[in-house]
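Okay, so here's the structure we're looking at.
The values are calculated or read from the model by the stated rules, or taken from the named source; none is laboratory data. Owing to the predicted nature of the structure, the values given are computational and were not obtained by experimental measurement. Every residue, glycine as well, gets a Cβ built from its backbone with ideal geometry; the counts of neighbours run over all protein chains shown. These accessible areas exclude ligands, DNA and RNA; they are computed on the full protein's heavy atoms, side chains included. Shrake-Rupley method; radii C 1.70, N 1.55, O 1.52, S 1.80 Å.
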Amino acid sequence: QVQLVESGGGLVQAGGSLRLSCAASGRTYAMGWFRQAPGKEREFVASITRSGTSTFYGDSVKGRFTISRDNAKNTVYLQMNSLKPEDTAVYYCASSVTYNRILVSSREYDYWGQGTQVTVSS
């Protein structure tokens with residue numbers, strides 16, 4: 001069992017930046033970030049392999065968000081720049097203890113964090 005704890009969410013003005021962190025209680029392979037806005041389905045944001053050499057992003061965040069990880073700290077990060085009001089959502093961290101490749105589908109992840117709210121004001 002792996003527990004994931006997100007932090008770093010908050011309120012920011014459009015054009016601003018936030019950095020989310022997700023600390024895992026144990027070793028994980030692929031990790032990812034998803035988000036869910038009110039009334040919408042959960043959306044893939046980014047994924048990273050264990051080595052960090054492979055990353056992949058959803059089209060809506062490509063070029064603005066960066067996923068990274070520090071395996072010594074069992075932590076994955078999401079640096080979010082040039083934030084837009086449409087980025088407002090609850091952001092969830094996810095981890096896989098099964099696959100070490102880019103994972104886009106939420107069904108392929110084994111564990112999830114509780115979520116952290118990101119609100120971008122216009």
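Which members of the range 13-32 meet the condition of being more than 16 Å from ARG107 (Cβ to Cβ) and either free of Cβ contacts under 8 Å to residues at least 40 places away in the same chain or of a type outside the set (A, V, I, L, M) (or both)?
Matches in the range 13-32: GLN13, GLY15, GLY16, SER17, ARG19, SER21, CYS22, SER25, GLY26, ARG27, THR28.
From the list SER21, SER68, which residue is within 15 Å of the chain's Cα centre (by Cα) and open to solvent by 40 Å² or more (accessible area, probe 1.4 Å)?
Testing whether each residue is within 15 Å of the chain's Cα centre (by Cα) and open to solvent by 40 Å² or more (accessible area, probe 1.4 Å) leaves just SER68.
From PRO38, PRO85, which residue is within 22 Å of SER122 (Cβ to Cβ), modelled with pLDDT under 95 and surrounded by fewer than 17 Cβ atoms within 10 Å (Cβ to Cβ)?
PRO38
Any idea which residue in the range 88-97 is most open to solvent (accessible area, probe 1.4 Å), counting only those that are farther than 13 Å from GLY15 by Cα and assigned to a loop (DSSP other than H, G, I, E, B)?
Among residues in the range 88-97 that are farther than 13 Å from GLY15 by Cα and assigned to a loop (DSSP other than H, G, I, E, B), the one most open to solvent (accessible area, probe 1.4 Å) is VAL97.
Tally the residues that are at pLDDT 95 or above, open to solvent by 40 Å² or more (accessible area, probe 1.4 Å) and part of a loop (DSSP other than H, G, I, E, B), restricting the search to the range 1-18.
The total comes to 4.
How many residues does the range 41-65 hold that are closer than 16 Å to SER106 by Cα, assigned to a loop (DSSP other than H, G, I, E, B) and open to solvent by 20 Å² or more (accessible area, probe 1.4 Å)?
2
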